[in-house]
Amino acid sequence: MQAESYRPDIDGLRALAVLPVIFYHLSSGLVPGGYLGVDVFFVISGYLIAGILLSDLGQSRFSLLRFYERRARRILPALFVVIAACVLPAAAFMLPGQHADFGVAVLAALGFVSNLHYYSSTGYFMASAEVKPLLHTWSLAVEEQFYLLFPLLLFAAWRWARGALPVVIGVVGLASLGTAVWQLQRDPAAAFYLLPSRAWELMAGAMVAVVARAPSRLQAEVAGLAGLALIGASYAFPDALTVFGLAALAPVLGASLFIWSGGGTVAARLASSSPLRRIGLISFSAYLWHWPLLAFWRLRGGGDVTLSSGLMMLVATLALATLTYQFVERPFRDRSAKARFPNRALVPFLGSAALCLTLFGVMPLLPGAGGGSREAAAIEAKLATNYGLGQVCETAFTLDPTCRTSDKPETLLWGDSYAMHLAPAILGSGGWGGLIQMTKSSCAPVLGLSIAPVDYEADWYKGCLRFNEEVFAWLAGAPSIQVVVLSSNLRIIANDLRRPDGTVVPIAEAEAAARVALLETVDRIRALGKEVVMVSPTPATGEDIGQCLAAALLADGPENACDFPLSKTPEINQKAIRFLRNLQGTIPLIDLSALICPAGICQTRHGDVFVYRDPGHLSIEGSEWLGRTYRFDRLIRQTAAGETVEIN
């Protein structure tokens, strides 16, 4: 069945794709699986593009130039407007490094490689995704790359294997699906960002377009309602409907069924309602506008998205989308004789616009052109990654001299990045008998147990287990060590876990398993004649506190602009603290919330000192401030020895 003429229900389906995405980004709790709206968009795109191409092939008027001209009219004008609208706010609100990153993002968006750019920018200590205004263009890049390749595939199949078109589409789609499942185990970021592991979603839509047999009336009604139900269920219960690690299977199947059912069904009439259809018409522009608005809100120090600010951004998104659709999208999509932008003017106009935007992308990368004020550069320095004694001390076991302050250190700092950020506090307190740092991000200092989250490589846990065994083996032969300081954000109690033999400990049993493993680890350390002290993770809000501090200081905001009540910390943080307090009788604990949050208010800045650098890690200067203020050397020794310590 080739694509039909205009179907209002597909515009409604677009609305049912974009609105959950917007709501999810405003607050993930509103629509837990709202991010899957992007997958619904992919199916729609695959169906429509295949239908257009099949129609042209069937009428012997297939032309790559005409196809790309249509795609350019559809995508580039609105995209260019949104990118241009981001240029001035980026220069005004971004720190130097962020502004340079924005310049690269502009160039990547113009070159249809945003997905490759953001894939290469993933990593534990990379800048927060929430303040990257063009992050959402990764999905446009996936579609644009599909548009470059799919017409060639379809033309070749039409010419040499016309009768086997469904087979060709199916084979390519299944290969992509297999790639996605494989990549989820090996490289989850690649599975998310790259075309080879996303093409199956577009191919699912294309398959609907090439299937010759239309459904019967009963089949259409069942398929339409089942499709909507699957889409809705995936938005509400994404984890429950995840298969082979793919949350996208349910919405992709649902969207395919809905489109296959055709118009005229109960489901189609529901989706064709006027409000949904109108939002569907502006859905592309709404998608383009919503993320930059949120990103600049955060860059400006807007903080949590409240009900009022969320409604404000939703209204702004829909208003800007309506204006863009009316005055940008529609005029450029008009190909009639009276069109404002006939073909002869299209390339010069879009080419000139692309050239101007390219210059705006290059300018922040030029020496001295992308740095903003000296004050901004100084503020950005406050947010530098806190690697403790050095970056070489993170990720893998090492005895590099950088990671110790003495040939015979008395203290071992062992854990993940929440141990790493304590090194300046320990050094800053003075009177220390030597420190050695052994840290690996996301790897809790627990022997025989490791987290195995779905967004990590499948065998990552092996490296964590090996790292901890190497640390313990070194410790057993290190007589100078008197005190072992353990610290972690304790995500180990809220993730699936793995044992050395590969056995999975499900998340429901994680806390109990982690408790046993941590106690056994402490017992083994004490059996070596060492004292142990545990340091809690920092209290947090889930928002980027470092970015809030930077925005407040740039705007001459009050010192307490980013302070928050301890009661505001998310449940995962509260759960970690409860876990450690329940072990306090066995494992001595330094609770950072008592140091950072006197009287229940967490103080994120002291004078010009930023306590935090990101959502949870201490800044270098913040860690040093804690060490000086609370004499971490004395605090650790007294706590490890079981002495009562008063926090002043």
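Kindly work out what percent of the DSSP beta bridges joining two residues of the chain are antiparallel, to the nearest 5.
Numbers: 11 of 28 bridges.
So the antiparallel bridges in the chain amount to around 40 percent.
Sorted by packing (mean other beta-carbon atoms within 10 Å per residue), highest first, where do 113-122, 252-261 land?
In decreasing order of mean packing, 113-122, 252-261 become 252-261, 113-122.
Step through the table entries 530/568; 132/440; 462/575, compare each Cα-Cα distance with 30 Å, and write down the pairs that go over it.
Over 30 Å apart, Cα to Cα: 530/568.
Go through 576-584, 421-429 and give me the packing order, highest mean Cβ count within 10 Å leading.
421-429, 576-584
Using a/c under 1.5 as the rounded threshold, could you call the range 145-252 rounded, prolate or oblate? The axes a ≥ b ≥ c are square roots of the C-alpha gyration tensor eigenvalues, and prolate needs a/b larger than b/c, oblate otherwise.
It comes out oblate by the Cα gyration axes.
Taking the Cα centre of the range 553-648 as the origin, how large is its charge dipole in debye, to the nearest 20, when only Lys and Arg (+1) and Asp and Glu (-1) carry charge on their Cβ atoms? It would help to have the intermediate numbers written out before the result.
On the way: 10 positive and 12 negative charges, 80 e Å.
Its charge dipole is roughly 380 debye.
Treating the beta-carbon of each Lys and Arg as +1 and of each Asp and Glu as -1, no other charges, what is the dipole magnitude of the chain about its Cα centre, to the nearest 20 debye?
In total the dipole reaches around 2280 debye.
On the first, second and third principal axes, largest extent first, how far apart are the outermost C-alpha atoms of the range 119-201 in Å?
If we take the Cα atoms of the range 119-201, the spans are 50, 27, 15 Å.
Per q in 0.06, 0.07, 0.12 1/Å, what log10 I(q)/I(0) does a Debye calculation on the alpha-carbon atoms of the chain return?
Those come out to -0.39, -0.53, -1.27, one per q.
Where does each of 352-363, 240-251, 589-600 land if you order them by average Cβ count within 10 Å, highest first?
240-251, 589-600, 352-363
Would you work out what percent of the accessible area of the chain, with all protein chains in place, is carbon or sulfur (probe 1.4 Å)?
61
Given an 8 Å cut-off on Cα distances and at least 6 residues of separation, report the relative contact order of the chain as a percent.
This gives 15 percent for the chain.
Work out the charge dipole of the chain with +1 on the Cβ of Lys and Arg and -1 on the Cβ of Asp and Glu about the Cα centre, then indicate which of 152, 546, 363 is farthest towards its positive end.
Positive-end residue among those listed: 152.
Set Lys and Arg Cβ to +1 and Asp and Glu Cβ to -1, take the dipole of the chain about its Cα centre, and tell me which of 512, 598, 414 lies farthest positive.
In the chain, that residue is 512.
So what is Rg over Rh here for the range 332-442, counting just Cα atoms and using Kirkwood for Rh?
1.41
Is the range 210-301 rounded, prolate or oblate when judged by the Cα gyration tensor, a ≥ b ≥ c being the square roots of its eigenvalues, rounded requiring a/c under 1.5 and prolate requiring a/b larger than b/c?
It comes out oblate by the Cα gyration axes.
Using a 4.7 Å cut-off between beta carbons, which cysteines in the chain end up with no partner cysteine at all?
Flagged as lacking a Cys partner: 86, 356.
Report, in degrees rounded to the nearest 10, the 0 to 90 angle that the Cα long axis of helix 283-299 makes with the longest principal axis of the chain.
20
To the nearest 10 degrees, how steeply does helix 199-210 sit against the main Cα axis of the chain, on a 0 to 90 scale?
Approximately 20 degrees, to the nearest ten.
Mind checking the per residue accessible area of the range 418-486 for me, 1.4 Å probe, whole number of Å²?
Computed with neighbouring chains in place, this is 30 Å² per residue.
Hey, got the dipole for the range 247-362? About the Cα centre, +1 on K and R Cβ, -1 on D and E Cβ, debye to the nearest 20?
Computed charge dipole of the range 247-362: roughly 400 debye.
Taking the range 468-601 on its own, what percent of its Cα-Cα pair distances exceed 26 Å?
Value for the range 468-601 (Cα pairs over 26 Å): 38 percent.
Return the Rg/Rh value of the range 415-472, two decimal places, where both radii are evaluated on C-alpha atoms and Rh is the Kirkwood radius.
With Rg and the Kirkwood Rh in hand, the quotient comes to 1.08.
The values are calculated or read from the model by the stated rules, or taken from the named source; none is laboratory data. Computed from a predicted structure; not experimentally measured. Neighbour counts run over all protein chains shown; Cβ positions are idealised from the backbone, glycine included. Keep in mind that these areas ignore ligands, DNA and RNA; they rest on the heavy atoms of the full protein, side chains included. Shrake-Rupley method; radii C 1.70, N 1.55, O 1.52, S 1.80 Å.
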